[in-house]
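To start, the structure itself, in structure tokens.
Taken together, the values in this text are just the output of simple stated rules run on the coordinates, not laboratory data. This structure is a prediction, so every number in the text was calculated from the model and none was measured. Glycine also receives a Cβ, built like all others from the backbone with ideal geometry; neighbour counts cover every protein chain displayed.
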Amino acid sequence: MRVLGISAFYHDSAAALVEDGRIVAAAHEERFSRDKHDPGFPRAAAAWCIRQGGVPDCVAYYEKPFLKLERIIENHLAFAPRGFGAFAASMPVWTKEKAFMERTLRRELGLLIPGFRKSGTLLFTEHHLAHAASAFLASPFDEAAILTVDGVGEWATATAGTGRGGRIELTKEIRYPHSIGLLYSAFTAYLGFRVNEDEYKVMGLAPFGEPKYRDLILGKLMDLKSDGSFRLDHLYFGYLTGLTMVNGKFEALFGMATRKPGEPLTRAHMDLAASVQAVVEEAMVRMARALARETGIENLCLGGGVGLNCVANGRILRDGAFKRVWIQPAAGDAGGALGAALAACHVHGGMSRPPAGGRDSMQGSLLGPEFPQADIEARLTALGAKYEVMPRESLLKAVARDIASGKVVGWFQGRMEFGPRALGARSILADARSPVMRDTVNMKVKHREGFRPFAPAVLREEAREWFETGGDGDSPYMLLAGSVNARHLKKLSADDGKLEGFDKLKADRSDIPAVTHVDNSARVQTVDAAVNPGFHALISAFRDLTGCPVVLNTSFNDADEPIVCTPEDAYRCFLKTGLDSLAIGECYVTREETAASRQT
């Protein structure tokens with residue numbers, strides 16, 4: 001049975017192809033369209049999945065549109081006449097497209113699959129079941145507790161249950177308008193960032209502040225119970241009746257107006273970020289503890305957009321209620337496409353799961369397009385690129401030398417990642433040991449805020465020497481924040497210990513300062529030779545040269561652009577950023593040779 005999964009029409013649309021329970025292909029539409037967080041029908045991603053794996057027997061969509069429409073109408077009726085503007089603004093889209101989703105999907109799919117418009121099999125699965133399926137059915141576990149948390153699906157904002165074999169049973173849920181995801185998004189908007197895009201900036205900002213507003217949030221905005229269930233006081237929020245996330249009462253509670261984009265970030269903003277992060281962590285830990293008590297199961301699978309909060313994930317693992325925690329690397333809406341396809345195979349189709357063999361079925365999340373060497377050379381030649389084709393070992397040594405000498409390298413190898421993280425296929429790499437590299441990459445290469453932290457990619461077999469993440473120390477998808485091992489931390493001077501706010505960035509905290517955040521934390525990626533042998537070989541070459549098995553790894557893209565997909569994307573990004581060299585397949589491009597060739 002071959003199933004094409006689709007997520008679309010909200011944000012981060014994607015497509016995934018699953019055959020007999022085996023994941024064949026998955027990709028975000030934004031990587032093809034170059035429109036970040038592209039919400040439209042994933043035409044290019046679906047077409048690529050079909051080319052990669054064949055015409056599907058059926059298509060599964062990641063939510064039930066009429067249930068979502070029911071929620072929107074009931075919400076309006078409950079608060080009428082307030083909120084009519086927001087209701088009126090959403091209705092044209094619904095009446096034109098979403099309320100007739102089956103017709104829309106059949107029209108689009110008919111352009112890709114002959115005969116599908118009239119006679120193709122089209123399934124709809126609930127949003128949180130898709131999240132649960134992507135989390136459990138792709139995990140290495142035969143049995144696990146399941147927790148999914150996001151903004152909102154149709155009605156549910158969080159669900160809990162169990163998975164056994166190919167079966168999933170969701171037994172509890174929290175319903176809209178009470179939502180951890182929407183609470184976090186409200187603070188994202190209040191801090192002047194973009195909702196559904198910049199929540200990770202709030203997470204990165206939090207360590208600069210103190211959770212001074214934690215008790216105020218729990219006393220006024222959120223009633224959090226011991227089992228993690230909660231209710232929000234919506235007198236403070238704007239999303240129920242308007243087009244904004246927060247209202248004047250929210251602003252009055254914290255004593256400041258909503259920050260406008262581009263305005264300075266103050267200590268109060270940092271404290272707000274720290275406070276909402278602390279509240280979300282506490283809620284997630286309480287949910288996990290309650291689920292562990294109720295199920296008696298040692299394994300936990302996490303899905304939904306809040307599952308991308310690696311700091312909360314790390315707290316859940318270290319809390320110890322579960323022995324093992326696995327998070328879907330595409331935990332947000334894009335992963336709903338994969339979850340819909342897996343649910344169609346196993347939950348609806350009754351198909352047995354392929355043996356896990358102790359590993360997840362995500363294949364390192366390297367599920368997107370790849371390009372043969374001859375194709376790479378032809379594409380670079382057509383762009384007028386000056387490159388050298390190098391034997392693999394020579395290329396690895398050249399790139400390792402570049403990184404060790406302080407250069408920043410674009411690394412484009414094999415199949416593109418599925419999910420928001422670059423995991424060593426479409427990555428920008430630099431020396432984690434350099435005290436200036438964080439600022440260099442943020443300012444000169446990525447053109448983004450200087451407070452943003454970077455992730456360390458470390459050889460899996462040496463991870464425990466360098467990081468403390470909890471559990472078995474494995475973190476293949478950059479979704480667990482831990483701390484740098486104490487033996488690699490440096491004692492701060494008295495003056496450095498007194499630094500506050502963004503001045504904390506001035507302190508030299510560890511042997512790998514470029515990937516050590518101001519609270520000594522790190523969003524760790526452990527690199528397994530069996531899963532990503534090319535990336536493992538590169539880090540090994542760097543270790544052989546320097547003695548350090550850790551490199552800085554960030555996504556291969558410029559600010560406000562999707563991660564690169566094709567060699568053309570990579571070369572254009574190389575030209576307009578501060579990258580020093582570029583490795584695409586076995587082609588090696590340098591800034592010096594490129595500059596010389598463009599002058600002739």
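Could you tell me the ratio Rg/Rh of region 455-590? Both radii from Cα atoms, Rh via Kirkwood. Using Cα coordinates only, the ratio equals 1.00. Pairs spanning more than 26 Å between alpha-carbon atoms, out of K201/K386; K220/K506; K36/K576; K386/K576; K397/K504: K201/K386; K220/K506; K397/K504.
For L308, the shell of other residues with beta-carbons less than 13 Å away shows a net charge of -3, using +1 for Lys and Arg and -1 for Asp and Glu. Entry for region 141-327 at q = 0.11, 0.17 Å⁻¹: log10 I(q)/I(0) = -0.47, -1.06, Debye formula applied to identical alpha-carbon scatterers, no solvent contribution. Dipole size of region 141-327 about its Cα centre, with +1 on Lys/Arg Cβ and -1 on Asp/Glu Cβ: approximately 220 debye, rounded to the nearest 20.
For the chain, a crude dipole built from +1 on the beta carbon of Lys and Arg and -1 on the beta carbon of Asp and Glu, taken about the Cα centre, is about 560 debye to the nearest 20. By the scheme Lys and Arg +1, Asp and Glu -1, what is the net charge of all other residues having a beta-carbon under 15 Å from that of A288? In short, +3. Using Cα positions and a limit of under 19 Å, work out the aspartates and glutamates in reach of K490, with same-chain residues fewer than 8 apart set aside. Of all the aspartates and glutamates, those that pass the test against K490 - Cα under 19 Å, at least 8 places apart if same chain - are D431, E465, E468, E500, D503, D508, D511, D519. Among T258, T162, a tally of other beta-carbon atoms within 10 Å of each Cβ gives an order, fewest to most, of T258, T162. Sparsely packed loop sites in region 396-454 (the chymotrypsin sites (Phe, Trp or Tyr not before Pro) outside DSSP H, G, I, E and B with at most 11 other Cβ atoms within 10 Å) do not occur. As a rough footprinting exposure proxy, the listed residues T244, T516 were ranked by other beta carbons within 10 Å of their own, and the order from fewest upward is T244, T516.
Among T241, G204, L300, whose Cα projects farthest towards the positive end of the dipole of region 194-314, with charges put on the beta-carbon of Lys, Arg (+1) and Asp, Glu (-1)? My answer, from the dipole projection, is T241. Rounded, prolate or oblate, given the Cα gyration tensor of region 177-227, with a/c below 1.5 counting as rounded? Since a/c reaches 1.5 but b/c is at least a/b, the shape of region 177-227 is classed as oblate. Of all lysines in the structure, those lying under 18 Å Cα to Cα from K172, and not within fewer than 8 positions of it along the same chain, are K225.
Other residues whose C-beta falls under 12 angstrom from the C-beta of D569 contribute a net charge of +2, scoring Lys and Arg +1 and Asp and Glu -1. The alpha carbon gyration tensor of region 365-518 gives principal lengths a ≥ b ≥ c with a/c of 1.5 or higher and a/b greater than b/c, which makes the shape prolate. A straight Cα-to-Cα reach below 15 Å connects K118 with the aspartates and glutamates D57, E102, E108, residues fewer than 8 places away in its own chain not being considered. Counting other Cβ atoms within 10 Å as a rough exposure proxy, the listed residues H37, H447 run H447, H37 from fewest neighbours to most. When Rg and Dmax of the Cα atoms in Å is calculated for this entry, the matching label among (i) 23.5, 73; (ii) 24.8, 78; (iii) 28.2, 92 is (i).
Packing, as the average of other Cβ atoms within 10 Å across residues, places the peptides 230-237, 560-567, 421-428 in the order 421-428, 560-567, 230-237, highest first. Considering helices alone, the calculated mean residue ellipticity of the chain at 222 nm is -10000 deg cm²/dmol, with DSSP H runs of length four and up weighted by -39500 (n - 2.57) and normalised per residue.
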